[in-house]
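Structure record follows, encoded as structure tokens.
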Amino acid sequence: MTPVMLLAAEKESAQVTDWAARIGWLVGLALFVALVYWLMREGWKWRGTLQGDLPELPTAPSEPGEATLTMSGRYHGSTTAGQWLDRIVAHGLGTRSRVELTLTDAGLDVVRPGATDFFVPLEALREARLDKGIAGKVLTEGGLLVVTWAHGERLIDSGFRSERAAEHNAWVDAINSMINKTETEGAR
């Protein structure tokens, strides 16, 4: 026998993978991920319970009037006004969705396919502004239309993003001018 053949005969085959240990690790990892998901879901439900004092969301009137502005885009959620990380989840306000916004003389109609629609009466509107973020969503400066409105005892910020971000300025101007007009008429 040649020395090369002797060396080849002395080598052992490579260690076979221990499948039982590998499967055990995968099952353990899957259980850990399921536990984390369950805890996150319970936290979401707990937050909704804490916000149970929030009244039911208003619905649009049967005759809201002629549309001043309309917008298609995304609804990114609602937070306590001035606290961009304090998400409100009660009554479906924490659910992100597509949105169709319509501004009329009666207020702001928020239609969300697959989620709860709501209406913000004109007298409940407080302010509209451009911002860069709301709980769970951060964009470039001015990339988010944030509408502040009163609901029950709370002031709420709701974040919207149009499919065409250039529309945001027109929305801010229109909502704020409607609010100012209402305040001026109310002062008389």
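The values are calculated or read from the model by the stated rules, or taken from the named source; none is laboratory data. Since we're looking at a predicted model, the values are computed, not measured. Neighbour counts are summed over all protein chains in view; Cβ atoms, including those assigned to glycine, are modelled from backbone coordinates with ideal geometry. The accessibility values were calculated without ligands, DNA or RNA, using every heavy atom of the protein model including side chains. Shrake-Rupley method; radii C 1.70, N 1.55, O 1.52, S 1.80 Å.
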**Message:** I'd like the trypsin sites (Lys or Arg not before Pro) in region 52-127 restricted to DSSP loop residues with at most 16 other Cβ atoms within 10 Å, sorted by number.
**Reply:** R96
**Message:** Within the chain, what whole-number % of the accessible surface is contributed by carbon and sulfur, with the 1.4 Å probe and all protein chains included in the calculation?
**Reply:** 59 percent
**Request:** Tabulate in residue order the Karplus-calculated ³J(HN,Hα) for region 160-166, using 6.51 cos²θ - 1.76 cosθ + 1.60 with θ = phi - 60°, rounded to whole Hz; enter x for Gly and Pro.
**Result:** 10, 10, 6, 5, 10, 4, 5
**Request:** For region 66-188, just say rounded, prolate or oblate: build the C-alpha gyration tensor, square-root its eigenvalues into a ≥ b ≥ c, call rounded for a/c under 1.5, and beyond that prolate if a/b exceeds b/c, oblate if not.
**Result:** rounded
**Message:** Can you give me the accessible area per residue for region 48-94, using a 1.4 Å probe, in Å²?
**Reply:** 52 Å²
**Request:** Take each uninterrupted DSSP H stretch in the chain, measure its Cα extent along the helix axis, and return the ones at 24 Å or beyond whose mean Kyte-Doolittle hydropathy is at least 0.0.
**Result:** 19-50
**Complete:** Using alpha-carbon positions, the gyration tensor of region 123-174 gives root eigenvalues a ≥ b ≥ c; with a/c under 1.5 called rounded, otherwise prolate if a/b exceeds b/c, else oblate, the class is oblate
**Residue-count net charge about R98 - beta-carbon cut-off 14 Å; Lys, Arg +1, Asp, Glu -1** = +1
**Message:** Let me check I've understood the local charge: for G48, count other residues with C-beta under 12 angstrom from its C-beta, Lys and Arg +1, Asp and Glu -1. What total comes out?
**Reply:** +2
**Request:** Count charges around E66 for me, please; just the other residues with Cβ under 15 Å from its Cβ, Lys/Arg as +1, Asp/Glu as -1.
**Result:** -3
**Complete:** Answer in debye to the nearest 20: the dipole magnitude of region 79-188 about its Cα centre, from +1 Lys/Arg and -1 Asp/Glu charges placed on Cβ, is 360 debye
